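The values are calculated or read from the model by the stated rules, or taken from the named source; none is laboratory data. Note that this is a predicted model, so its numbers are computed, not measured. Methodologically, a virtual Cβ is constructed for each residue, glycine included, from the backbone with ideal geometry; neighbour enumeration extends over all protein chains shown. Just the protein is used for accessible areas: all its heavy atoms, side chains included, with ligands, DNA and RNA removed. Shrake-Rupley method; radii C 1.70, N 1.55, O 1.52, S 1.80 Å.
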Amino acid sequence: AWSVTELFSAKEAAWKALAGPEGESPAGRAGSLCDLRACPDGAGLRVCLRTDPAHAVRVRVVRVGAGVFSYVVSRAGGRG
């Protein structure tokens with residue numbers, strides 16, 4: 001079970017990794033973290049765009065004290 005804090009942190013790390021070189025939203029102009037879907041993937045999470053599951057990254061979430069630290073470990077294949 002993933003906490004809300006862990007999911008938010010993972011989605012934020014994925015959002016930054018999926019953004020284009022100019023920092024534009026990966027989901028388009030009106031995009032937000034709600035446009036991302038997180039699914040368990042081994043020891044971490046696979047986070048993808050809801051509208052385009054092929055755009056996905058694998059994210060690790062590490063508990064640090066009372067908080068968490070999330071980072072992208074790789075691009076993920078497109079398995080919705």
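Remarks
- Normalising by residue count, the chain has a Cα convex hull of 93 Å³ per residue.
- For the chain, the solvent-accessible area with a 1.4 angstrom probe is 61 square angstrom per residue.
- Percent carbon-and-sulfur accessible area, the chain, ignoring ligands, DNA and RNA, probe 1.4 Å: 55 percent
- Summing charges over all other residues whose Cβ lies under 12 Å from the Cβ of Gly44, with Lys and Arg as +1 and Asp and Glu as -1, gives +1.
- The 3J(HN,Hα) values that the Karplus relation (6.51, -1.76, 1.60; θ = phi - 60°) gives for the range 62-76 are, in residue order, 10, 6, 10, x, 8, x, 9, 10, 10, 8, 7, 9, 5, 6, 10 Hz. Gly and Pro appear as x.
- The long axis of helix 4-18 is offset from the longest Cα principal axis of the chain by roughly 40 degrees.
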